[in-house]
Amino acid sequence: MSENSEAPGTPPAGGKPSGGAPTTPGPQPEPIRFFGTTWVDHDGGYGLRRAGVAVGSLAAAAAACFVLRFAFQGLQIAEVGSLVGMLVIVMFAVCSAIAFRKTWEGFGARPKDPAREDALRGLKSIGFIGSLLAYFVRSLTEAPGEKLRRTEYETARAQYDKRRSSRTGNPAARKNSGRKRPKRT
């Protein structure tokens, strides 16, 4: 969310972004990966993008499982033993479950401890299949992260409108009643 319309990457207030439509002053919606800001009004091919994300994440998860199967067959060919094979399966299953849970939680709330999220990045990389499945399941109902960003955007927009209308020194917010002020003597 950006309330400063002169932040890097955002056009000036009243200006036109590269798309040509004028921007409104105040907070701007945060783009979502693969969706941009189409989630705000569900326009610009939002439904097709959601379907594409669902199909793409499911296909990527299936391809990843296929590749992991080849890796497991490589372990069998190398005859490393059943214990190592079982440990690899358990490791990928646990990492995928943790990655699914953390990715799912990330759709609903910002992380409370960013340092801990950075520490879990390697574990989430190993369990990438869980993250892909979380994207698939979430994209069946909405753009992944849409609910969180919509809540933040609407809250920021309401706060901005409240501040804008309650300012006493802002001539643009004042209503001109047509009466003249009495002169001071």
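Any read-out appearing in this document is the output of simple, stated calculations on the displayed coordinates, not a laboratory observation. Every value quoted in this text rests on a predicted model; they were computed, and no experiment measured them. Every residue, glycine among them, receives a Cβ derived from its backbone with ideal geometry; neighbour counts consider all protein chains shown.
Quick notes on this one:
- Cα lying deepest toward the dipole's positive end in segment 27-177, options TYR46, ALA158, ALA119, charges on Cβ: ALA158
- Vicinal HN-Hα couplings computed from phi for segment 45-52 (Karplus, 6.51 cos²θ - 1.76 cosθ + 1.60; Hz; Gly/Pro x): x, 4, x, 5, 5, 4, 5, x
- Phi angles of segment 56-66 translate, via the Karplus equation with coefficients 6.51, -1.76, 1.60 and θ = phi - 60°, into HN-Hα couplings of x, 5, 5, 5, 5, 5, 5, 5, 5, 5, 5 Hz per residue; Gly and Pro are given as x.
- A crude spin-label estimate for the pair GLU154 and ALA97, with each label 7 Å from Cα along the Cβ direction, gives 3.5 nm.
- For HIS42, no residue whose modelled amide H falls within less than 5 Å of its own remains once neighbours fewer than 5 places apart on the same chain are excluded.
- Summing charges over all other residues whose Cβ lies under 14 Å from the Cβ of GLY47, with Lys and Arg as +1 and Asp and Glu as -1, gives -2.
- Three-way shape call for segment 104-151 based on the alpha-carbon gyration tensor, with the a/c threshold at 1.5: oblate
- Scattering profile of segment 59-114 at q = 0.20, 0.23 Å⁻¹ [log10 I(q)/I(0), Debye over alpha-carbon scatterers]: -0.81, -0.93
- The convex hull drawn around the Cα atoms of segment 22-73, when projected onto a plane and averaged over every direction, covers 4.8 nm².
- In a reduced charge model with +1 at each Lys and Arg Cβ and -1 at each Asp and Glu Cβ, segment 22-121 shows a dipole moment near 100 debye about its Cα centre.
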